[in-house]
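Colleague: First the structure, then my questions, so here it is.
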Amino acid sequence: MPSTGSHGSSGPVSKRSSLRGIGALVAAVLLAGASWFAITYSDRDTPSETPNVEGPSPATDEQIEADTAPGEQSTIAEPDQLASGRPDPETGTQGDAPVDVQTEIIPEVRQVIPDAEPVVQPGDRVERLPAPPLPVEPPRPVNLGIVVVESANRLDTRRGMVTLSGTQAVDPDLTCQLSDGRQPLCSVLARTAVRRFVGQRRVDCILGIRSDTADDHVTTCQIGDSDLAGWVIAQGWAYAAEGAPEELQEAERSARELGLGLWALIDR
């Protein structure tokens with residue numbers, strides 16, 4: 001019976017002890033939470049101190065005037081002068097060392113405006129300048145092939161009749177006196193001599209445009225490197241025409257002095 005009474009009294013005591021332990025644990029948790037809350041919100045409300053990395057603030061005009069003695073000029077450089085390293089134009093100093101200040105003289109620049117182009121209005125009369133003449137190419141000799149000698153200074157070619165420029169043929173009715181007594185026409189003797197020289201050789205002549213196809217080409221001709229008019233006059237079978245080039249006139253004088261061709265048979 002006594003043992004039964006002891007067991008019955010210990011049950012309520014153990015329950016109370018358990019409740020006290022739980023209450024103490026809850027109180028500790030609440031106390032820790034309150035402490036964390038107070039620390040967190042106290043850090044948010046307190047401003048953080050940040051170091052000043054920009055350096056000291058520039059001196060104001062009042063501080064400069066206070067530090068400068070009366071009658072003394074301030075030597076504090078402007079911020080742009082300190083950044084660029086340029087000397088102060090008033091003091092001539094850069095930092096602590098004196099610097100020579102040189103003034104650069106910039107020459108006067110004169111703006112040149114080109115003349116404006118004339119503006120052509122509707123209805124204005126525009127004068128056009130003539131086009132420059134085209135370069136004239138020198139004429140080229142034309143290969144006339146084999147020709148027929150009609151007289152001492154006239155040729156019959158496949159491009160028409162050609163008269164040698166600067167020459168004059170002998171009078172067709174003039175007779176020459178031969179050593180054997182015969183008196184043939186001088187024109188026949190001259191034509192025969194030129195035909196023997198030309199023969200079957202190619203003749204090249206410079207041909208121009210004729211106003212009438214019935215007219216002769218009056219031009220120069222060549223056989224190889226020989227000028228045909230110069231040869232005919234130099235051999236005495238034709239005369240130099242009035243106004244002929246000097247070399248043809250000289251060729252006639254030489255043939256007359258030497259008694260060549262017709263100059264040996266006639267007395268002109």
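Colleague: May I ask you to list the residues in region 230-246 that are in contact (Cβ under 8 Å) with a residue 40 or more places away in the chain and buried (at least 22 other Cβ atoms within 10 Å of the Cβ)?
Modeller: Matches in region 230-246: Val232, Ile233, Trp237, Ala238, Tyr239, Ala240.
Colleague: Another question, if that's okay. Sort out for me the strands (runs of 3 or more DSSP E) sitting completely within region 114-183 that have 3 or more residues that are in contact with a Ser or Thr (Cβ under 8 Å, 6 or more places away or on another chain) and either in contact (Cβ under 8 Å) with a residue 60 or more places away in the chain or more than 28 Å from Tyr239 (Cα to Cα) (or both).
Modeller: Per the criteria, no element qualifies.
Colleague: Looking at Ala238, Ala193, Ala251, Ala255, which is the one that is under 30 Å from Glu137 (Cα atoms), at pLDDT 95 or above and of a type in the set (Gly, Ala, Ser)?
Modeller: Matching residue, one of Ala238, Ala193, Ala251, Ala255: Ala251.
Colleague: Condition first: in a strand (DSSP E or B), of a type outside the set (Phe, Trp, Tyr) and over 26 Å from Leu174 (Cβ atoms). Can you find one or more residues in region 191-212 that meet it?
Modeller: yes
Colleague: Follow-up. Can you give me the number of residues within region 158-187 that are within 53 Å of the chain's Cα centre (by Cα) and over 22 Å from Pro245 (Cα atoms)?
Modeller: 3
Colleague: Next question, about the same structure. Name the single residue that is surrounded by the fewest Cβ atoms within 10 Å (Cβ to Cβ) among those in region 259-268 being of a type in the set (A, V, I, L, M, F, W, C) and not in a loop (DSSP other than H, G, I, E, B).
Modeller: Ala264
Residues checked against (1) more than 59 Å from the chain's Cα centre (by Cα); (2) loosely packed, with under 15 Cβ neighbours inside 10 Å; (3) under 19 Å from Val188 (Cα atoms):
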| position | (1), (2), (3) |
| --- | --- |
| Ala214 | no, yes, no |
| Cys221 | no, no, no |
| Leu228 | no, no, yes |
| Leu248 | no, no, no |
| Glu257 | yes, yes, no |
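The values are calculated or read from the model by the stated rules, or taken from the named source; none is laboratory data. In this text the structure is predicted, and so the values were computed from the model without any measurement. Positions of Cβ are backbone-derived with ideal geometry, glycine not excepted, and every protein chain shown enters the neighbour counts.
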